[in-house]
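Written below as structure tokens is the structure these notes are about.
The values are calculated or read from the model by the stated rules, or taken from the named source; none is laboratory data. As the structure is a computational prediction, the values presented were derived from the model and not from experiment. For neighbour counting, all protein chains shown are included, and Cβ atoms are generated from backbone atoms with ideal geometry for every residue, glycine included.
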């Protein structure tokens, strides 16, 4: 496949996308991974950069009011109920998602990670993107995004 790092006129996924839903499908159950009312934005620039920020807006506030002084439980819940990452992405000659390279994020184990279609699939249909991520040993994460007009 001929991939490009350049701005392409046929890029089908460039835009700003609002999080609609996020689930883990284990094969036996469908678990909401960011609560009942997930929140977030996916930004895919025509220049092939991306930024994602997602969270569970129902996560309880820290009692101290200071993010640097949370209890162990508050810190754990904050980490489990939010994720932010950025990097670059590429599309194929049809303007469809090919792969991404993570340059930084809130979960340090993924720094420098590249993910292609074998693990991460982004499919755009009209004003909606479906994102499927294979998680070995856990199942399939399905995230639905709606284009921000």
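All conditions in (1) touching a strand residue (DSSP E or B) at 6+ places or on another chain (Cβ under 7 Å); (2) modelled with pLDDT under 95 hold for residue 17, with the sole exception of (2).
Are any residues in segment 108-128 in contact (Cβ under 8 Å) with a residue 40 or more places away in the chain and within 22 Å of residue 79 (Cβ to Cβ), and if so, which ones? Scanning segment 108-128 gives no hits.
Considering (1) within 26 Å of residue 12 (Cβ to Cβ); (2) without any contact (Cβ under 8 Å) to a residue 24 or more places away in the chain; (3) out of contact with any helix residue (DSSP H, G or I) (no Cβ under 9 Å at 6 or more places or on another chain), say which one residue 30 fails and leave the rest. Here residue 30 meets the rest and fails (1). Among the residues of segment 129-141, those that are surrounded by fewer than 17 Cβ atoms within 10 Å (Cβ to Cβ) and in contact (Cβ under 8 Å) with a residue 60 or more places away in the chain comprise 135, 138, 140. Tallying residues that are out of contact with any helix residue (DSSP H, G or I) (no Cβ under 9 Å at 6 or more places or on another chain) and closer than 17 Å to residue 42 by Cα within segment 103-115 yields 4. Go through segment 107-126 and give me each residue that's under 15 Å from the mean Cα position of the chain (by Cα) and either surrounded by 14 or more Cβ atoms within 10 Å (Cβ to Cβ) or assigned to a strand (DSSP E or B) (or both). Scanning segment 107-126 gives 110, 113, 114, 115, 116, 117, 119, 120, 121, 122, 123, 124.
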